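Below is one structure, written out as structure tokens; the observations come after it.
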Amino acid sequence: AAADEAGLNPFSTGVFIQQMDRRGIAARLGFQPGDVIQEVNGQRVRTTADLERALSNGPWKIALQRNGQPIEVQFGR
């Protein structure tokens, strides 16, 4: 329902960022509400538990969708 309200494809997979602390680390790294995190280091992310597991060790290469456009970002060593 949240994806549909945001105008996203309701059948796409990933973790949808609905809201975040503007002063938090994710915001400082450039993530935005509306982003959909789809992969971390080549591993598909479908749930927040998947995302937490994938982020347990860095560095990270993160694939996401922003406004329908694919973006890849890299963090860490």
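Restricting attention to region 30-45, the residues being farther than 19 Å from Glu5 by Cα and open to solvent by 50 Å² or more (accessible area, probe 1.4 Å) number 5.
The residues of region 24-70 that are part of a strand (DSSP E or B) and touching a residue at least 24 places away in the same chain (Cβ under 8 Å), listed by number, are Val36, Ile37, Gln38, Glu39, Arg44, Ile62, Ala63, Leu64, Gln65, Arg66. Assess whether Ile25 counts as being modelled with pLDDT under 95, hydrophobic (A, V, I, L, M, F, W, C) and under 20 Å from Pro59 (Cα atoms). Yes. Quick check on my filter: what residues within region 1-22 are of a type in the set (A, V, I, L, M, F, W, C) and at pLDDT 75 or above? Listed by number, the residues that qualify are Val15, Phe16, Ile17, Met20.
Within region 1-13, count every residue that is open to solvent by 80 Å² or more (accessible area, probe 1.4 Å) and touching a Phe, Trp or Tyr at 6+ places or on another chain (Cβ under 9 Å). Result for region 1-13: 0. Residues in region 14-29 that are in contact with a strand residue (DSSP E or B) (Cβ under 7 Å, 6 or more places away or on another chain) and loosely packed, with under 14 Cβ neighbours inside 10 Å: Leu29 alone.
The values are calculated or read from the model by the stated rules, or taken from the named source; none is laboratory data. Remember, predicted model here, so these are calculated numbers, not experimental data. Every residue, glycine among them, receives a Cβ derived from its backbone with ideal geometry; neighbour counts consider all protein chains shown. The protein model used for the area step is the full one, side chains on, heavy atoms only, and it has no ligands, DNA or RNA in it. Shrake-Rupley method; radii C 1.70, N 1.55, O 1.52, S 1.80 Å.
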